[in-house]
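None of the figures in this text is laboratory data; all of them are computed from the coordinates on show. This is a predicted model, so every value here is computed, not measured. Glycine also receives a Cβ, built like all others from the backbone with ideal geometry; neighbour counts cover every protein chain displayed.
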């Protein structure tokens, strides 16, 4: 039976608060320098304006489960090497760099976008989800400083090879509420709820997103502890235990793969 993988960094807010302690979850991007099977030794990487690539919050909970809170995951600040422990409940996501050619109609994908004054959307990052992650964070919503859109790909046009022009990605998504924009225009916004929580305000929408040649495209798939190899770049969702130790409810590991195509 297919299950929705319940961690893509921001989703760790819910998992961490349930499994560890009622403390905030922060995230940090770092280089993994050592791992002994229980403790990661990390060197933080500098943030560059827009937060580093982090997948949107994982999808709707199963029927009968409470919906994840709509809080964002703040950035952690570290100035030197630090350590974070993993737990039996830590969730792992593998992130492979791919091209937009690997994103096909019918796939489940998402994008972190910037909205222009005219309402146009431009992607800074595009995410191609493995089947095990289909449905994760469906909708159109803000996550930290970024606007996130996740949905089913209805059309895709990779950028031409000249590296100067943009391609495009069209996503069809379910949202939480239909907002009026005036002059008869509306916008479907918010994160979709599962059927058990769906309301009469639920909506559907389409987002046409420009994808510049330089936008990063990542294929995301569930992973395990074996991904934690020294030298890897990781994004760690981090929280405190009751005895003030740093633990990771979730980790995204970036793999240096030239063009693996669709996620495994």
Length released on extending from residue 164 to residue 87, taking residue separation times 0.36 nm less the Cα-Cα span: 23.2 nm
The range 177-212 versus the range 85-158: alpha-carbon centroid distance in Å: 16 Å
Residue exposure sequence - 189, 138, 143 - by fewest surrounding Cβ within 10 Å: 189, 143, 138
